[in-house]
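The values are calculated or read from the model by the stated rules, or taken from the named source; none is laboratory data. Since we're looking at a predicted model, the values are computed, not measured. Here the Cβ positions follow ideal geometry from the backbone for every residue, glycine too, while neighbour counts run over all protein chains shown. We work out accessible area using only protein heavy atoms, side chains counted, and drop any ligands, DNA or RNA first. Shrake-Rupley method; radii C 1.70, N 1.55, O 1.52, S 1.80 Å.
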Amino acid sequence: MTETVTVAAAERTETTGAPVLDVVIPVYNEESDLGVCVRRLHAYLRDGFPFPARITVADNASTDETLRVARLLAAELGDVSVVHLAAKGRGRALRAVWERSDAQVVAYMDVDLSTDLNALLPLVAPLITGHSDLAIGTRLSSSSRVVRGPKREIISRCYNLLLKASLRAHFSDAQCGFKAMRADVARRLLPLVRDGEWFFDTELLVLAERAGLRIHEVPVDWIDDPDSRVDIIDTARKDLLGIGRLGRALAAGALPLEELRQAVGREPLVPGVPLGMIGQLVRFAIVGVLSTLAYLLLYVVSQPFVGAQAANLAALLITAVANTAANRAFTFGVRGATGVVSHQFQGLVIFAIGLALTSGSLFALQHSAPESSVHLELFVLVSANLVATLLRFVGLRWVFRDSAGVDRATATGPRAPAPTGHAVPPPRSHVSREPWTANSVRTAANIELDKEGTH
């Protein structure tokens, strides 16, 4: 179940006007650092940021004077809000604020402000223009400048390598406390995120990536906070549990990622041509090579005992069932038991076509050259299998057209609008690492300000 925060558990000090950006500062027992952080960020947003912005302090059940300090700051400074939660957890705090925010873009950063604030505008600019759905700061880019000890550097890199190996993540830095998201995307994505603590960031990014959302990465300048209170061992344990839970959910097909993709307008550019076509072909080829090797092995082993036609039938039938199951899960990303019998039946129909091709070729060979060797038989069968493989790929794409999102020509799901004043972004899906230069960011900012001036 998705965690929720009740009205009684969240106390909010409201500010007037809907900002473009809502920056959340999640805190727990930060009475000494909170004032410095909020004043510095407030000054930057007031003097160096071209869009209306709000700071929201999300207090995670602090036991010191953090909440009182936050309320004093809200009373002193304009565009500062306070949310108080009765339960700890950074993920809970971000969900509580982001789901209720009236801003176009929601973001968060750590209270220590380890990340240089000059990266904030490059972070949110592609979200404001509608180009991207999420944006993250990365400390692991070659152009990032990072100051931290070897222990944290090794842990961070090992964790991100683990994510790439276990969950096939393509983003570079899951844990940097510097992220932003379009608010309309947040309201659709957050209900799928179960974790309410430190794994929240990772789960959010993995689900976004699997749903085909566009993630923009910004290299940052980052200085480690030596006074960090994160329990590394406990966090690592919970992260491993989270990876296991999320991996099982993805493998079982338990998450409505295709619906999310349609809702936020990241369908394939051309109906009938799936996203990641090159990767799909590569995965199909891998399965095909393994299936062919298995087929040849079964044929060679059984042919002396049952004859050529029976050996071909048995080898093709066994590998066809395995091939359909492997392509279902590996190539087309269909998980869970829903439709598995129907998929296997349709796969057997495709198998029958392949059987007709290979058996027909074998029949023709035996009648034209009765004394042909097993090597010539194998050559003919492999040639026929190449044709059958092409037909199988086309056929399996049709079989999994609805389950795997291969054919969305008739999709009618609602399309989430881009942020106010911007056109719907082109529906693409990849991790975006393109640099936002000072001129391009300034141009985006000027466009937005010009639009505001005409209303």
Within the set of pairs 6+ apart or on separate chains, which have a first residue in segment 57-73 that is in contact (Cβ under 8 Å) with a residue 24 or more places away in the chain, a second that is aromatic (Phe, Trp, Tyr) and open to solvent by 10 Å² or more (accessible area, probe 1.4 Å), and C-beta atoms under 6 Å apart?
60/28; 62/28
Going by what's in this entry, would residue 387 be described as of a type outside the set (D, E, K, R), within 15 Å of residue 291 (Cα to Cα) and surrounded by 14 or more Cβ atoms within 10 Å (Cβ to Cβ)?
yes
If I ask for residues that are open to solvent by 80 Å² or more (accessible area, probe 1.4 Å) and part of a helix (DSSP H, G or I), which ones from segment 367-384 would you list?
367, 368, 375, 379
Within segment 126-144, can one find any residue that is in a helix (DSSP H, G or I), touching a Ser or Thr at 6+ places or on another chain (Cβ under 8 Å) and closer than 25 Å to residue 93 by Cα?
yes
For segment 162-183, give me the residue count where each residue is charged (D, E, K, R), more than 17 Å from residue 122 (Cα to Cα) and surrounded by 19 or more Cβ atoms within 10 Å (Cβ to Cβ).
0
Kindly check whether there is at least one residue in segment 161-171 that is closer than 26 Å to residue 20 by Cβ and within 18 Å of the chain's Cα centre (by Cα).
yes
Contacts under 9 angstrom Cβ, first residue in segment 355-379 being touching a residue at least 12 places away in the same chain (Cβ under 8 Å) and under 20 Å from residue 392 (Cα atoms), partner aromatic (Phe, Trp, Tyr) and surrounded by 15 or more Cβ atoms within 10 Å (Cβ to Cβ), 6 or more apart
378/299
Residue satisfying condition, being among the charged types (D, E, K, R), open to solvent by 10 Å² or more (accessible area, probe 1.4 Å) and touching a helix residue (DSSP H, G or I) at 6+ places or on another chain (Cβ under 6 Å), within set 76, 30, 65:
30
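To keep it simple, each residue is scored yes or no on (1) under 23 Å from residue 216 (Cα atoms); (2) buried (at least 17 other Cβ atoms within 10 Å of the Cβ); (3) among the hydrophobic types (A, V, I, L, M, F, W, C); (4) touching a residue at least 60 places away in the same chain (Cβ under 8 Å).
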residue: 80; (1), (2), (3), (4): no, yes, yes, yes
residue: 91; (1), (2), (3), (4): yes, yes, no, yes
residue: 110; (1), (2), (3), (4): yes, yes, no, yes
residue: 114; (1), (2), (3), (4): yes, yes, no, yes
residue: 126; (1), (2), (3), (4): yes, yes, no, yes
residue: 130; (1), (2), (3), (4): yes, yes, no, yes
residue: 153; (1), (2), (3), (4): yes, no, no, no
Subset of segment 189-242 that is β-branched (Val, Ile, Thr) and touching a Ser or Thr at 6+ places or on another chain (Cβ under 6 Å) - its residue that is modelled with the highest pLDDT
220
In segment 296-313, anything open to solvent by 20 Å² or more (accessible area, probe 1.4 Å) and in contact with a helix residue (DSSP H, G or I) (Cβ under 6 Å, 6 or more places away or on another chain) is listed as 298, 302, 303
For segment 339-346, indicate whether the set of residues that are at pLDDT below 80, under 23 Å from residue 249 (Cα atoms) and either among the basic types (Lys, Arg) or not in a helix (DSSP H, G or I) (or both) is non-empty.
yes
